[in-house]
Every structure is written in C-alpha cells, then in structure tokens.
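Each remark here refers to the structure printed beneath this line.
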Amino acid sequence: MGWALSKPSAMIAFSPRGPLRGAARIPGDKSISHRALILAALAVGRSRIDNPCDGTDILATIAALRAMGARIERHADDGFPAGQGWRVDGVGVGGLLQPAAPFDLGNSGTSARLLMGLVASHPISARFTGDASLRRRPMARITAPLRRIGARVDGDTLPLDVEGLHPAIPTRHRLEIPSAQVKSALLLAALNTPGVSELIEAAPTRDHLERLLALFGADIAVDGPHIGLRGEAELRPQALTVAGDASAAAILAVAALVVPGSELRMEGVGVNPGRTGLFEMLREMGGDIAFSNRRDISGEPVADLVVRHSALRGVEVPPEMAPRTIDEYPILFVAAAFARGRTVARGLAELRLKESDRLAAMAAGLDAIGVRAEALADGLVVHGGGGAPLPGGAVIDPRLDHRVAMAFAVAGLNARAPVGIAGMNIVDTSFPGFLSALEALAPA
C-alpha cells in the first residue's frame, strides 16, 4: 500500500519498507528554474525550458511573470528537443507591463526576492504578499540595496510594495552576508539599469544566474568575487534543459545511505560547485556516493550518482560550508542521527530565517523521535545512534517548511515506530513527486 494523503492538510506516517533500490527521477533544479523563466520572460522572442521544477514555488513565479506580460505555456513539439517544459515568449528587458493585482507568492522566498529585484528597475509597481510563513521572513537584506538604486519600497516584511525607478542608479554593492537570492535580485535589477552595476561577494554563493545570463547573451564579467553587469541588455531566447535538483537528490541520497541494503541511481544531477557541499560532507562521514559521466547541460555541470547504504560517522561541519549547503542542513542532521558519534554544525544563523526557524524545527523534531540534539545560537549538535533504527513514534509539525518535512520523512524509513508528518503537502513547494519517487524505489 502506497503513501497517500487523504486531504491536502492530512498527516502521513512513514515507516520502514525495506531497501530503496533502482533509478530515481530527480526534478529540475528549483533555483535554476526560477532564474531561467525570468530571463526567458526578458528575452526578445521565444525560449523553451525543458525539465524545469514544477513545484508550487515555480508556479508562483510563472503567475507573476504572466501578470507582467510574458506568455508562458506548456510547450508543444515546435522544433525543440522533446521533453516536459515551458514555452516562454518574452517581452524584452524594459518591456514589463504594470500588473493588475498583487503577487501572491505562497511560500516562495525565492520568488519574492528575485521579482522584487526585477520590478525595482522598471517603471512599474507591484505589491508582494504570501502565506503566513513568507510574511514572517525578513526582507531587509534585499529591500535596503533596492532603495539604494532608487526603488521605493514601503516595508521590510511582506506584504510590501515596490515601485521601480527607470532609469535606476548603477551601484557598487558589497554583499557582506552570503546570499544567492540577494545577489540574483540585484543582478536582475541591473539588467534594466544603464551603465555597469557591480557586486562584490564576501563569500562565494551558487552562480546559477551568472551562468544563465552569459547563456542568454548578457554583458557580464565574473572575476572571483567581483561581478560586473552592463544594463539595458538585449537577451537572446534560448532552448535549455534544467539540471536535476541537487537539493532533491540530497534527500534521496540520505535515504539510501541510512536504509540498510539500499542502492540508488540518479542521473543528470546538478553538481554546480556552489551546491555540492552536502555531498562532500556525506562522503566525509563515510557515505558511499560515486559520481560518473560528468558533463555540462545548458551551462551547468551535471553528473550521474550512485549511492549505497553506508555506516556513517559524526563530523565537525566547518562554518564556511554553509553557503554551499544552506538548504541541505535539515537532511544532513537526519544523516547525523544515524551516524556513530557526534556531529556539530555552526555558522548557521541563516537557518533561523528560512521557511521556518530550521534550527529550532530540527532540534524539536529530532528530540521528539528520540534523537538527542542540542540547538546552539548558530548551529546544532546531533548525537548519532550508530546506524540503529531511530525510536520514532511522533508526529512532526514541519512548520510549513518543505525541507523539514522531507527530512523527517526520511528519518521514518528506518525507525522502530512510524514518524508522522503533519501537512506533508508542503513538499509540493519543491519536490512534487517526492512520494512517488519513494514509492518507485521501495519493494512491492
């Protein structure tokens, strides 16, 4: 009998079903999908995006782009390579239309921050709102630099209004707190800003947008931490394929590592250096993860992965790993629960500002299923059980956080008593096929 939700808010229980074996289909990368759709909407002509993430976060971005004039439809066979995806007819940089209604972005912080940057240098205004979780998330790190380029922003949490300025003011931004979302928002604002806008990163973050900007023909120069982008660009439409989502692959990889007898294959997973921190830490913990057939897809490095059940050991996670692993810490903490010894991770204050306070949510959830965990001001200590099944036997409130929900679902796959997740439908934010993927890998 498969996992199924009786209604969207229903609880679902996870328990051992035997080894996970076979090939898993990984959805397209969520971060890349947002950015590819936005650039396609700004290109002059028709683009095609294959293998995108189709989670609810992406649908929120699509709805906003449609409201500003872009035509985005499921593609038909129109001469591009076959595959699931979107056909986008762009309006050109500077061609966005005034939206008629507020943008309701649900749970998507990425949509909110990137679209704020997009609006900020166009002569339009927009109201941004979202669900209860998104309305609690601080936005000051993006609203402050947008004000410096001349946009009017009336608050630092949602709901808020952004009134763009054109021509906006080209600015030199220093990003003291590593954030790919803030960097991307400023680069999107720079696209319709005359002159050269500059960004300097204090620490490297994922560079998906920089790669896509080069692919779409923008005049962008990247020299280590320095990024320069010449505005009032004319972007060329593209036919591209989105790499498999590294964060989704991480969830299934940990499931294979902690469920005895498992062996899992995943093809075409994105291995952008800004996203592989989790895999590096899992291998340091003793995880059997093999990479093969490395190649590029639409400017992004990808590889095929084979993951086998492994005896894990606790590690000290360096704080500098955070920018490359920030979305994967919840599932890393679950891996640590099955490790031998103690895992300590610090430098994670950013996790308190995600869809939930992820440090608090993970500490509370681990304690509820019988794992000793100590929350630090900027991190977490997890005392592993050496690979034995976890006690389990609790219902977890994921606090409207898709990554917390999936992490504890994996914990339930090797627990003595079922682990329930309340509101499991939240995983549709980023991995709408999560339950089906687990079902396909479990023995009949």
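Rule-based calculations on the coordinates, nothing more; no lab input. Just so it is clear, the structure is predicted and the values come from calculations on it, not from any experiment. Here the Cβ is made from the backbone with ideal geometry for all residues, glycine too, and neighbour counts use every protein chain on show.
Distances between every pair of Cα atoms in the chain, grouped in 20 Å steps from 0 to the bin holding the largest one, split as 27, 57, 16, 0 percent.
Taking the beta-carbon count within 10 Å as an exposure proxy, list D401, D296 from fewest neighbours to most. Don't jump to the answer; show the numbers that get you there.
Details: D401 24, D296 10.
The order, fewest Cβ neighbours first, is D296, D401.
Each of A144 and A13 was given a label point 7 Å from its Cα along the Cα-to-Cβ line. The distance between the two points is 4.8 nm. Extension gain, I177-R21: 0.36 nm per intervening residue step, less the Cα-Cα distance, totals 52.1 nm.
When the helix-only estimate is applied to the chain (DSSP H runs of n ≥ 4, each -39,500 (n - 2.57), divided by the residue count), what is the mean residue ellipticity at 222 nm, nearest 500 deg cm²/dmol? Could the numbers behind the result be given before it?
On the way: 14 runs with 134 residues, N = 444.
One gets -8500 deg cm²/dmol as the mean residue ellipticity at 222 nm.
Set the Förster distance to 41 Å, then compute FRET efficiency between V306 and R66 from the Cβ-Cβ distance, nearest 0.05. Computed FRET efficiency for V306 and R66 comes out at 0.55.
Of all DSSP-defined beta bridges confined to the chain, some 70% are antiparallel rather than parallel.
Segment 211-370 has equivalent-ellipsoid semi-axes of 32, 20, 13 Å, by the square roots of 5 times the alpha carbon gyration tensor eigenvalues, sorted largest first. Suppose R0 equals 45 Å. What FRET efficiency, 1/(1 + (r/R0)^6) with r the Cβ-Cβ distance, do V44 and D131 give to the nearest 0.05? Here the calculated transfer efficiency is 0.85. Across the chain, Cα pairs under 8 Å and at least six residues apart give a relative contact order of 19 percent. Among beta bridges identified by DSSP and lying wholly in segment 334-444, the antiparallel ones come to about 60 percent. The residues R342, R71, when put in order of fewest to most other Cβ atoms within 10 Å, stand as R71, R342.
Which of K183, K30 comes first, and how do the rest follow, when ranked by fewest Cβ neighbours within 10 Å? Please list the in-between numbers first.
Details: K183 23, K30 27.
With the fewest neighbours first, K183, K30 line up as K183, K30.
Just to be sure I understand: with springs between alpha-carbon atoms less than 10 Å apart, which residue in G286, G85, G224 has the highest mean-square fluctuation in the Gaussian network model of the chain? Fluctuation is largest for G224. Structure remark: mean-square fluctuation, Gaussian network model of the chain, C-alpha springs under 10 Å; the largest value among A112, A388, A339 belongs to A388.
In Å, what Kirkwood hydrodynamic radius results for segment 30-241 from the alpha-carbon pair distances? Before the final figure, lay out each step's value.
Details: mean 1/r = 0.0595 Å⁻¹.
With all distinct Cα pairs of segment 30-241 included, I get 16.8 Å.
GNM remark for the chain: springs join alpha carbons under 10 Å apart, and the peak mean-square fluctuation among E267, E280, E176 falls on E176.
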